[in-house]
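Structure record follows, encoded as structure tokens.
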Amino acid sequence: AQMRRVKQVLRHQYYNSDDVSYDIALMELDHPVQCSPYIQLACGADPTLKVSNFNNCWVAGWGATTARSQGSSDDLQEAKVHLIDLQLCNSSNWYAGDVHPYNLCAGYPQGNIGSCK
């Protein structure tokens, strides 16, 4: 692990804290990280890529590590997840319409690992 401080955060211009839409940001670190077998650069997707053509993706962040947790992790977390159909995500047993067309629903139907924790 390597410790860094965030020097600057650039949030998406349409970020909305009420419904957490466009919840993505770029962060500038106080100094560069040294790449190693454990620390690698993230790749940005080609803008013409259709995410819906894939079954899996990777998510990363400092969000909650358990369901209904109020806190966040001090360590950057990552997980390989499955993309889940928006209709299933918005069903009454799941998110009941809270997932918007501009969001991705990702995780596993049985839970435990997902983009929300």
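Of the candidates ILE39, ILE84, ILE24, which one comes out as most mobile in a Gaussian network treatment of the chain with C-alpha springs shorter than 10 Å?
Taking springs between Cα atoms under 10 Å, the residue moving most is ILE39.
Based on Cα coordinates alone, diagonalise the gyration tensor for region 1-41, multiply each eigenvalue by 5, take square roots, and list the semi-axes in whole Å, largest first.
27, 12, 8
Using the Cα centre of the chain as origin and beta-carbon charges of +1 (Lys, Arg) and -1 (Asp, Glu), tell me which of PRO47, ALA25, TRP62 is placed farthest towards the positive end of the dipole.
TRP62
Provide Rg over Rh for the chain; use the alpha carbon set for both Rg and the Kirkwood Rh (inverse mean inverse pair distance). Write out the running numbers ahead of the final one.
Values: Rg = 15.6 Å, Rh = 16.2 Å.
Expressed as Rg/Rh, it is 0.96.
Would you mind getting the accessible area per residue of the chain, heavy atoms of the protein chains only, 1.4 Å probe, in Å²?
Averaged over the residues of the chain, the accessible area is 85 Å².
Among SER91, SER17, SER52, which one shows the biggest mean-square fluctuation in a GNM of the chain, springs joining Cα atoms closer than 10 Å?
SER17
Tell me whether region 43-112 comes out rounded, prolate or oblate; compute the Cα gyration tensor, take square roots of the eigenvalues as a ≥ b ≥ c, and use a/c under 1.5 as the rounded threshold.
Judged from the Cα gyration tensor, region 43-112 comes out oblate (a/c at least 1.5, b/c at or above a/b).
With labels modelled as points extended 7 Å from the Cα through the Cβ direction, what inter-label distance (nm, one decimal) is found for VAL6 paired with ASP85?
For VAL6 paired with ASP85, the spin-label model returns 3.6 nm.
Could you check which residue among ASN56, ASN103, ASN93 shows the biggest mean-square fluctuation in a GNM of the chain with a 10 Å Cα cutoff?
Sorting by GNM fluctuation, first place goes to ASN93.
The values are calculated or read from the model by the stated rules, or taken from the named source; none is laboratory data. Here the structure is a predicted model, which is why all the values come from computation and not from measurement. Backbone-built Cβ (ideal geometry, glycine too); neighbour counts: all protein chains shown. Just so you know, the surface numbers come from the protein's heavy atoms only, side chains and all, with ligands and any DNA or RNA stripped out. Shrake-Rupley method; radii C 1.70, N 1.55, O 1.52, S 1.80 Å.
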